[in-house]
Amino acid sequence: MKEVETARFTVAVFQDVAWAQKGLNALKAAGFATESLTVLAKDSPDVGSLIEQSCGSGGERIELPTVGTALARGPLVAALQGSSQDLGKLGLAGTMRKVGFQAHDGKIFETLTGRGGVLVAIRGEPRAADALAILHSYGGGNAAIGAWTGRV
């Protein structure tokens, strides 16, 4: 097994933009830095506005297998892309292992996002449990901390 250095992420998928906005506002109110937040969802004007408000700048368009055209911004995107643009080739299901999630977790995140959900992730190990509690409290489905960090 190859050891790699990667940040720990806490991830959840909200049912829609309105719920994701509530969760993101709660994360910011709890002191999570804007640069630690990631938002990824199917491309739409509402998602574009959410990303700008939450992450400080517009999202990047990415063609994802299964999901289609998505808008995304944040450190999780960079971690999943890697140097070979893996996210666009393998999708969430194929790349979430890079940040400590098992393949079935990636498939769940991909399926929920493909159905119109909004994936929200927070980078940061010291407060991962706090982030998890906030995501759950505000309706983040399948919220989890990437527990297998460093293993590929």
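The values are calculated or read from the model by the stated rules, or taken from the named source; none is laboratory data. All values reported here derive from a predicted model rather than from experimental measurement. All accessible areas refer to the heavy atoms of the entire protein, side chains included, with ligands and DNA or RNA removed. Shrake-Rupley method; radii C 1.70, N 1.55, O 1.52, S 1.80 Å.
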Original post:
Round to a whole number: what % of the accessible area of the chain belongs to carbon and sulfur, probe 1.4 Å?
Top reply: 51
Subject >> At 0.692 mPa s and 37 °C, Stokes diffusion of the range 49-90 via Kirkwood alpha-carbon radius, µm² per second >> reply: 305
**OP:** Would you kindly work out the equivalent ellipsoid of the range 2-68 from its C-alpha gyration tensor and give its semi-axes, the square roots of five times the eigenvalues, largest first in whole Å?
**Re:** 20, 18, 12
Original post:
For residue 143, which sequence-distant residues (separation of 5 or more, or a different chain) have an amide H within less than 5 Å of its own amide H, given hydrogens modelled in the peptide plane?
Top reply: 13
Original post:
With a Cα-only, solvent-free Debye model of the chain, what are the log10 I(q)/I(0) values at q = 0.18 Å⁻¹?
Top reply: -0.99
Original post:
Between Rg and the Kirkwood Rh of the range 32-115, both from Cα atoms, what is the Rg to Rh ratio?
Top reply: 0.94
Original post:
Taking Cα pairs under 8 Å and at least six residues apart, what relative contact order does the chain come out at, in percent?
Top reply: 41
Original post:
When all protein chains stay in place, what accessible area (Å², nearest 10, 1.4 Å probe) is found for residue 66?
Top reply: 110
Original post:
Taking θ as phi - 60°, what are the ³J(HN,Hα) couplings along the range 130-145 by the Karplus curve (6.51, -1.76, 1.60), each to the nearest whole Hz, with x for Gly and Pro?
Top reply: 4, 4, 4, 4, 5, 4, 4, 4, 9, x, x, x, 6, 5, 7, 9
Subject >> Residue-normalised accessible area of the chain, given per residue in Å² at a 1.4 Å probe >> reply: 46
**OP:** Could you list which residues have their amide H under 5 Å from that of residue 16, counting only those 5 or more apart in sequence or on another chain, with H placed in the peptide plane?
**Re:** 118
Subject >> Other-chain or far-sequence residues with amide H under 5 Å of residue 125's (modelled H) >> reply: 8
